[in-house]
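J.: Following this message is one structure expressed as structure tokens.
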Amino acid sequence: MQPKAFELLLYLVRNRHRAVDKDELQDALWPRSIVTETALTRCVMKARRAVDDDADRQAIIKTVHGHGYRFIAEIRDEPASAGPGTQEPAATQTAPVAAASASRRGRPFGIAAVLVVAVAALWWYLAPQAVSGDVRLAVLPVENATGEPELAWTRTGLMALMNRMLEDQGVAVVSGDSVSSLAGDTPLDELLDDDGAFRPALQKTTAATHIVGASLGSEGGLYRLTYTIEGGRRPERRTVVGPEPAALIRDVAATVATLITEGAPDNDRISSVSSDDFVNEAYARAMSLQYEGRYAEAQRLFQVVIEQEPDLFWPRYEYALTARNLRDFDNAERLFLALRDETQGNGELAHEAAVHNSLGVMYMRQRRNDEALRAFEATAELAADIQSTHYMAVANVNLGLLAKNKGDLPTAHDHMLRAKAVYEQSDIESLPGTLLNNLSGVLILMGQLDEAEQYSLAAIDNFRLTGKRLYESYALSRLSTIYRRRGLFDEAEDAAVRAKVVREELGDRRGTAASLLTLADIAHGRGDLTRSHQFALQARDIATEIDDQDVMVDALSTMARSELALGKPRDAAARYAAAEAIARNHEDRMNAFGARYGLARAWIAMGDYDGARSIADQLVAESVEAGRLREETAGHNLYAEIHMQRGEWSEAVAALDLVAEIAHDIGDNGLVTSAYAKLGRCWLELDDLDKAGVYIRHVLLERPTDADTGRLHARMAAAAGNFIAAASVMRGARSRAGESWTVEDEELLAYLEARAEQEAAAE
């Protein structure tokens, strides 16, 4: 029986005189975690299975609908018999033994079942991996005090190595990301107070009960690892000396485990990697490369480790991770599934949680959302069983990303906040960079740019301090998007270029292409359409080089957007059609959807309204059937654009009202603002300045520097009879529009300036 199932059964037995509601059970079983009701339901299922009960019979655990659960089996006391080989009878004892009032096989839930439960519980609480007390250890990055640049890998590599060894010994270890972001590159001695204790902030921000920090030096051809351990007693400072840096970590891990557990751990269990110093160093070096996002190099070293020690879990797991991150999905899936099957039968629940989570991430990247959902739910269930703060938070982050991909932003935001709360309820103040960055991404879509910027900046700092340069580039790209949405094009370009530099230095060609597409988006926002097209063309060339169809689709669609804005709808239509064909061929539904939407807009520009409407009909029908609300708005937006091109302003308003309503429901403030901009234009054409003003004022607040906003504002001022202001605003729009400035724009400006002169003369 798994420990959580046992705890649930025990709690119900103790409270058998009443029905226990679900909230009470969740608080009792997961007092420091935020879990879903699904975790409780599965825990009940496991408890029933362990005592030969089920949801249909309910002879032992009864479901009280709308409330919770109750233990209903008969309780009786029976004397415990002496075991075989006992020299003399044991003293009479009483033990609670339950008997089912009814059983599938007509037998009571008696001594045998209780013994099974008791033995399972005893094993769990007395096994070597069970550390007494609420121990939580933070292992700091190892300071490289040797002055040897070639030993830079020891900083995160030796930290990761020690973490793995201690985790296998049953010590709860704080995430390396959180610790690294807090300690940074600070020398070990500067992290200590005058009395040799670690600064209080270290424990406060990580919620660690114990901290280990180490400094690597060299003398006489040997390496010296000086480390300090603190927690529950005065700080202890020790030193080990040896010929290789990685060789010292096993001794340190054994000593730390002994001190923390206040006993003699099974040192043979400290074999997460190997007892071979060469293999240990290869693993540590590989982990350091993994931190930096240098996946191909890391993979080669993990392969060395596996060749030497083929049965070890973590090297095989990390190898599968590198395959996933290198987008070798077929190989990664094969490796992860093998690890999943292995861990499901060996009782290593933390290992199983890691595999399910990584499988889910891979499925999500492949847009296999149903499989991803099942994997993340399994991760959350296992996290609840082992009370893992890390995996409970990670599961919520990933469930949030799935919801975001579906366009359900409120649910996505809720999951992200749950993940944040998991850390906060564990008194962890240093949040992981991945959580910060993903929360920023959701907030961007919700239009909450100020808050999004705060999280993006925090994520960048976190990744920089942890040495995760590739992830730093992700956060820089997100920051660039925020600045782009605000119309701060210089700042947006600076962040995008910084991200591109990191990716180029790491040899990340796919990431470099993504940065080029970000720069294309920024150039498009400036109105520099030719430059935008050039950036997208460079991204297309990289996609061809690395044979990446996802990047190819994005590049073609970006080129098409520029061509459409440059007044080349036929070229744009051809690009969109090519992008859709590639996406469909690779079963990439979302990109196929986006390309088809762009194709419809190109057809509208060419006057093919019937063709565009047929696409709109398809998009709406498919989205409604699948319940994808955000995608549904694309079809209604097309209806609106067709009506606007035809001068059917009232019909356009009806379509846009529906877009705005859905956008409000899903929490997409950016989409709301876009709909309001079009509604403002429609109501101007319908001569209702009051209604137009409501929408246009909202757009001015959200996008004050946007050239399209300037065009709309100028029309509003002209409709109100203020031609001097209208001409001034339109000139400002021209300064920002670049190549998006059209002949029609110039004609409108000329008209406004003429009327402004008349207005000024009249004054």
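J.: Spin-label point model (7 Å from Cα, Cβ direction): what's the residue 510 to residue 691 distance in nm?
T.: That separation, rounded to one decimal, is 4.8 nm.
J.: Quick one: which residues, 5+ away or cross-chain, put their amide H under 5 Å from the amide H of residue 588? H built at 1.01 Å from N.
T.: Residues meeting the criterion, in which the H sits 1.01 Å from N, do not exist here.
J.: Same structure, new question: In debye to the nearest 20, how big a dipole does segment 706-763 give about its Cα centre with +1 on each Lys and Arg Cβ and -1 on each Asp and Glu Cβ?
T.: That gives segment 706-763 a dipole magnitude of about 160 debye.
J.: Further, regarding this structure: Once you place label points 7 Å from the Cα toward the Cβ at residue 626 and residue 541, how far apart are they in nm?
T.: 3.4 nm
J.: Taking 0.36 nm per residue of sequence separation and subtracting the Cα-Cα distance, how much length would be gained by fully extending the chain between residue 648 and residue 369, in nm to one decimal?
T.: 96.5 nm
J.: Going 7 Å from the Cα of residue 327 toward and past its Cβ, which residues in segment 500-515 have a backbone nitrogen under 11 Å from where you end up?
T.: Correct set: 509-514.
J.: What are the ³J(HN,Hα) couplings of segment 385-401, residue after residue, when phi is run through the Karplus curve with 6.51, -1.76, 1.60 and θ = phi - 60°? Round to Hz, x for glycine and proline.
T.: For segment 385-401, the Karplus curve yields 4, 9, 6, 8, 4, 4, 6, 5, 5, 4, 4, 5, 4, 5, 5, x, 5 Hz.
J.: If the cut-off is a Cα-Cα distance under 13 Å, which aspartates and glutamates reach residue 420, setting aside same-chain residues fewer than 8 apart in sequence?
T.: The reachable aspartates and glutamates, counting only those whose Cα sits under 13 Å from residue 420, are 429.
J.: Quick one: order 238, 646 by neighbouring beta-carbon count within 10 Å, fewest to most.
T.: 646, 238
J.: Once the piece of chain linking residue 15 and residue 241 is laid out straight, how much longer is it, given 0.36 nm per residue of separation minus the C-alpha distance between them?
T.: 75.8 nm
J.: Whole-Hz Karplus ³J(HN,Hα) for segment 412-423, in order, using 6.51 cos²θ - 1.76 cosθ + 1.60 and θ = phi - 60°, x for Gly and Pro?
T.: 4, 5, 4, 5, 4, 5, 4, 4, 4, 5, 4, 5
J.: What FRET efficiency do you get for residue 665 and residue 760 if R0 is 51 Å and r is their Cβ-Cβ distance, rounded to the nearest 0.05?
T.: With a Förster radius of 51 Å, E is 0.60.
J.: With +1 assigned to the C-beta of every Lys and Arg and -1 to the C-beta of every Asp and Glu, and no other charges, what is the dipole magnitude of segment 596-706 about the Cα centre in debye, to the nearest 20?
T.: Its charge dipole is roughly 320 debye.
J.: So, one more: With θ set to phi - 60° and the Karplus curve 6.51 cos²θ - 1.76 cosθ + 1.60, what are the ³J(HN,Hα) couplings of segment 364-371 in order, to the nearest whole Hz, using x for Gly and Pro?
T.: Working through the residues one at a time gives 5, 5, 8, 6, 8, 5, 5, 5 Hz.
J.: Using the 10 angstrom Cβ neighbour count as an exposure proxy, how do 62, 420 rank, fewest first?
T.: Starting with the residue having the fewest Cβ neighbours, the order is 62, 420.
J.: Can you give the extra length, in nm with one decimal, that the chain gains between residue 304 and residue 750 once fully stretched, where that is 0.36 nm per residue apart less the Cα-Cα distance?
T.: Taking 0.36 nm per residue and subtracting the Cα distance, the gain is 153.4 nm.
J.: Using alpha-carbon positions, what is the distance between the centroids of segment 471-512 and segment 566-632, in Å?
T.: 28 Å
J.: Is there a pair in 22/46; 46/406; 468/500; 4/62 whose C-alpha atoms are over 21 Å apart, and which pairs would that be?
T.: 46/406
Laboratory data are not the source of any read-out in this text; all were calculated from the coordinates shown. Note that this is a predicted model, so its numbers are computed, not measured. In this analysis, Cβ positions are derived from the backbone assuming ideal geometry, glycine residues included, and neighbour counts consider all displayed protein chains.
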